[in-house]
């Protein structure tokens, strides 16, 4: 793991990327996106998570986050909970790709001694500290433009699973913290 991209200041604001192992396109299903959104909501309400910008893509999440005390711990808990909840949903609800997806997560879980059975997220978060308002604005634009670059929407604020709507005066799915 590259220690350059780690969270060194637990009270700092960071640009983070969470990747699904083997780039499995899990977030093409609403229910998996909603598990992640609800987990973010829980961490905002109960763990002191601050969200400045975010987007859920098909196999990764970009976000700008800070925590009121221990950002690394909040992210660890968020990823642990969403891993278990999403894998459980895949295993127990209708999913046409169930066998293939569980195989991908199981193979990665067996390789990694930190896991018992399945690994959903990669271990790294590619944390880059945000040091200014201009840096926050530039990275927020990058985050919000992801669905446009993917060809999913024509305008960033048209994508539901993003904070872009909050940046144009609307109300998105998560409570956004202003810098």
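Only the coordinates and a few stated rules stand behind these numbers; no lab work does. Predicted, not measured: the structure shown is a model, and the values here were computed from it. Counting neighbours? That spans all protein chains shown, and the Cβs are built from the backbone with ideal geometry, glycine included.
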Checklist outcome for this item: Here, residue 137 and residue 171, labelled 7 Å along Cα→Cβ, have an inter-label distance in nm of 2.7
Item to check | Estimated FRET transfer efficiency (residue 92, residue 72; beta-carbon r; R0 25 Å; 0.05) | outcome: 0.25
Next on the checklist: Please compute the modelled spin-label separation between residue 59 and residue 41, points set 7 Å along Cα→Cβ, answer in nm with one decimal.
Outcome noted: 2.9
Checklist entry - When the helix-only estimate is applied to the chain (DSSP H runs of n ≥ 4, each -39,500 (n - 2.57), divided by the residue count), what is the mean residue ellipticity at 222 nm, nearest 500 deg cm²/dmol? => result -13000 deg cm²/dmol
Checklist entry - Across bins of 10 angstrom width beginning at 0, how are the C-alpha pair distances of the chain distributed, in whole percent? => result 10, 38, 37, 14, 1
Item to check | Degrees, to the nearest 10: 133-149 long Cα axis against longest axis of the chain | outcome: 50
Item to check | Distance in nm between pseudo-label sites at residue 178 and residue 149 (7 Å out along the Cβ direction from Cα) | outcome: 2.8
Checklist outcome for this item: Log10 I(q)/I(0) at q = 0.30 Å⁻¹ for the stretch 88-138, from Debye over equal alpha-carbon scatterers, is -1.14
Checklist entry - How do the peptides 30-40, 118-128 rank, highest first, by the average count of neighbouring beta carbon atoms within 10 Å per residue? => result 118-128, 30-40
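Given 0.36 nm per residue, what is the gain on full extension from residue 160 to residue 5 after removing their alpha carbon distance, in nm?
So the chain would gain 52.9 nm between residue 160 and residue 5.
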Checklist entry - Tell me, what is the percent relative contact order of the chain, built from C-alpha pairs under 8 Å that lie six or more residues apart? => result 30
Checklist outcome for this item: In this structure, the FRET efficiency calculated for residue 129 and residue 23 from their beta-carbon separation, with R0 = 35 Å, to the nearest 0.05, is 0.85
